[in-house]
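Right, one structure below, let's go through it.
Rule-based calculations on the coordinates, nothing more; no lab input. Since the model is a prediction, treat every value here as computed from it, not as a measurement. With ideal geometry, Cβ positions are generated from the backbone for all residues, glycine too; neighbour counts draw on all protein chains shown.
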Amino acid sequence: MKPVSDSSLALLAAADDARVEANASLDDRRRPALGQFMTPAPIAAFMAGMFGLRKEKVRLLDAGAGVGSLTAACVAEACRRSARPVYIEATAFEVEPAMLRHLDVVLRTCERAAASANLRFTGRVVASDFIAAAARMLDPGLFGAGASPAFNAAILNPPYRKIHSRSNERALLRSVGIETSNLYTAFVALAIKLLEPDGELVAITPRSFCNGPYFRPFRQLLLHEMALLRVHVFDSRDRAFQGDGVLQENVIFHARKGRRRSKVVLSASNGMESKVRRRLVAHEEVVSPTDSQAFIHLAVSDNDGVAARRMAALPCTLADLGVQVSTGRVVDFRARQFLRNDPDARTVPLIYPVHFENGYVSWPRVGGRKPNALADELETRSLMVANDTYVLTKRFTAKEERRRVVAVVYDPARLPRRVKCVGFENHVNYFHVNGAGLPTTMAKGLAAFLNSSLADCYFRQFNGHTQVNASDLRSFRFPSIDQLETLGRRIGVSFPNQEGLDTIVDGVLPPTKIASAR
């Protein structure tokens, strides 16, 4: 790697000064509407360093450009390379007036820095909505089929904001064949469509697109059109945009347009100032070609790789076990009139995550903030299930919890009174067999497996947030019924601590060691 030149350093510093100044001028009340957080210089330089920049003429797209930090980083990166492009033509989309003045200045600074390195640069500011402009560029009626303007490089820090299903933005996206519910995936999807074959994309986004049903159409588009080359994970939720107080799990990914699959570099660091750890893996280890959900698995450590291989070797899917997982039916704010703090003869138990304790449901929780019971009336019968044995998991875990997947056994024999039905609140997932309960020993084994460090380590590879959806759990592979029952027989009246539980699981399943859950 060549040392960074004075002109490159000056360019990065100028762009970062503009970022800080523009940030200070933004009205905090507008930030949620914009959904945009500008890229600090170290992150921008790291992203630009991923590009090949091997084209003689680089036609660069910077959508949601802010003050132009990412474009400046690309120019600085090109300037420091001995094998550099001859010409960089950047198109920067930005709608926020507070950014436009700074963006124009940064692009002029890019031109001067490029000239000092015998590199030609032109920058164009497009002060209009990127979604509307891109949809227009992709309209074959305007440019003819296959003749829409194309870029061969795109670098993005897109805005993060949900898109309403009936909004004009959603309609524009659908007009060009994109179905997504968030601005960040919309921007990336449009950039992909605007890239010519062999074009490169580098983007920093939330990690949430890696799993879940809402982002499946986006994942399918990304993986159909692009080959992943590198994905970088930040260990800490608050390091990528720490100056803006963003608590979001972010990833940076580099992809090339085309279907040629090869190896993928998976890397991780706590921040840009800390050591970067790397693994080189096959593309199919990141996205299984047999996974209809197209979940993206980021096994960034050797320990993660061991966990992924152990899980892949497990013999069963949920369907093989004859088991299903669903979300609790009781949405408390919709059933408020039927909720009761204290159970009586005219109620059934209502189970919240607050009732989870040491591997089992502990009910009722007297004096707690959550109701303990659901009125047993005609209007609530559809919200109940038979009072049988189930495995429950939390749908949301606090960021400080040791495990992401937290499972318990709901055992009706442990309740203080006999009832016919039970209600599971919507913040709970429950495992069942066609709506009925599980055999008790199997349920204990399933809860033990889900609470293991193996399951936790695997789950973190495709889920970067604290939400555990039923679709995530369906993506797991599971031990056989015999293995689950063997696990269950080793669980007593209370679950052991994490080390003890992992010892039990390692004794039943292939025993390659996985480090204790974080």
query = Among Met384, Met137, which comes first, then next, by fewest other beta-carbon atoms within 10 Å?
reply = Met137, Met384
note = Computed ³J(HN,Hα) along segment 310-315: with the Karplus parameters 6.51/-1.76/1.60, θ = phi - 60°, integer Hz and x for glycine or proline, the list is 5, 5, 4, 7, 5, x
task = Tell me the trypsin sites (Lys or Arg not before Pro) within segment 271-352 that lie in a loop according to DSSP and have at most 12 other beta-carbon atoms within 10 Å.
result = Lys275, Arg334, Arg346
query = Cβ under 10 Å from Ser267's Cβ, Ser267 left aside: what net charge do those residues give with Lys, Arg +1 and Asp, Glu -1?
reply = +4
Residue order, fewest to most beta carbons within 10 Å, for Leu280, Leu339 = Leu280, Leu339
Low-density loop positions, trypsin sites (Lys or Arg not before Pro), segment 462-508 - DSSP coil, at most 16 other Cβ in 10 Å = Arg477
task = Report the charge-dipole magnitude of segment 6-255 in Debye, nearest 20, computed about the Cα centre from +1 at each Lys and Arg Cβ and -1 at each Asp and Glu Cβ.
result = 380
task = Neighbouring Cβ atoms within 10 Å as the yardstick, rank Glu196, Glu89 fewest first.
result = Glu196, Glu89
remark   = Taking the dipole of the chain about the Cα centre (Lys, Arg +1; Asp, Glu -1; charges at Cβ), the one of Ala312, Asn426, Ser25 that reaches farthest to the positive side is Ala312
query = Say the dipole of the chain comes from +1 at the beta carbon of Lys and Arg and -1 at that of Asp and Glu; which of Leu339, Pro42, His232 then lies farthest toward its positive end?
reply = His232
query = Can you tell which of Thr91, Ala78, Val67 lies farthest toward the positive end of the dipole of segment 38-100, using +1 and -1 charges on the Cβ of basic and acidic side chains (Lys, Arg; Asp, Glu)?
reply = Ala78
Extension reserve of the Glu377-Ser292 stretch, reckoned as 0.36 nm per residue once the Cα distance is removed = 26.6 nm
query = Setting aside same-chain residues fewer than 8 positions from Lys370, which aspartates and glutamates have a Cα under 13 Å from its Cα?
reply = Asp332, Asp342, Glu425
note = Of the listed pairs Lys162/Lys275; Lys57/Lys162; Lys162/Lys193; Lys55/Lys193, those with alpha carbons more than 29 Å apart are Lys162/Lys275; Lys57/Lys162
ask   = What size of dipole, in debye to the nearest 20, comes out for segment 318-508 about its Cα centre when the only charges are +1 on Lys and Arg C-beta atoms and -1 on Asp and Glu C-beta atoms?
value = 420
